[in-house]
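Working notes for the structure below.
We did not get these values from a lab; they are worked out from the coordinates using the rules stated. Computed from a prediction, not measured in an experiment: that's the story for all the values here.
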Amino acid sequence: MTDFPPSFACPGTASELGCAPPPGPPAALDPELLAALAEAADALPEWARSLAPTDRLDADLALDESELTVLDALLRERFGVDLGALRAGLDLDGLAALTVGDLAELVRR
């Protein structure tokens with residue numbers, strides 16, 4: 001298991017639980033991460049630039065297992081991180097809640 005604190009650590013809505021993100025604009029997403037997401041999803045770079053940290057890999061981006069496998073390989077190559085290990089430590093709810101912001105935190109470590 002990883003010490004990475006994923007977004008789903010605060011279940012429910014942020015306002016219900018006092019887990020609201022800090023005030024101010026969201027942190028910019030790493031352009032290399034966005035490029036990896038676009039490549040894994042076989043999408044245009046413009047698509048990746050429209051992504052938000054709160055976008056869920058499963059429900060919002062509709063990444064399937066083959067795309068997640070490609071993304072894992074790209075993240076290993078470009079950032080030296082292991083998405084597969086992170087996903088292996090999650091239950092179904094955690095997998096469904098995994099966001100672009102979670103990936104951004106993973107690659108920032």
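Points to keep in mind about this one:
- Phi-based couplings in Hz for segment 67-83 (Karplus 6.51, -1.76, 1.60; Gly and Pro marked x): 5, 5, 5, 4, 4, 4, 4, 5, 5, 4, 5, 8, 10, x, 10, 10, 5
- Taking each residue as 0.36 nm, the span from residue 93 to residue 47 lengthens on full extension beyond its C-alpha to C-alpha distance by 14.0 nm.
- Additional length obtainable on full extension of the chain from residue 28 to residue 69, 0.36 nm per residue less Cα span: 12.3 nm
- Across segment 97-107, computed HN-Hα scalar couplings (Karplus, 6.51 cos²θ - 1.76 cosθ + 1.60, θ = phi - 60°) run 8, 4, 10, 4, x, 5, 5, 4, 5, 4, 7 Hz from first to last residue, x flagging Gly and Pro.
- Nonlocal amide H pairs with residue 99, under 5 Å, H built at 1.01 Å: 7, 57
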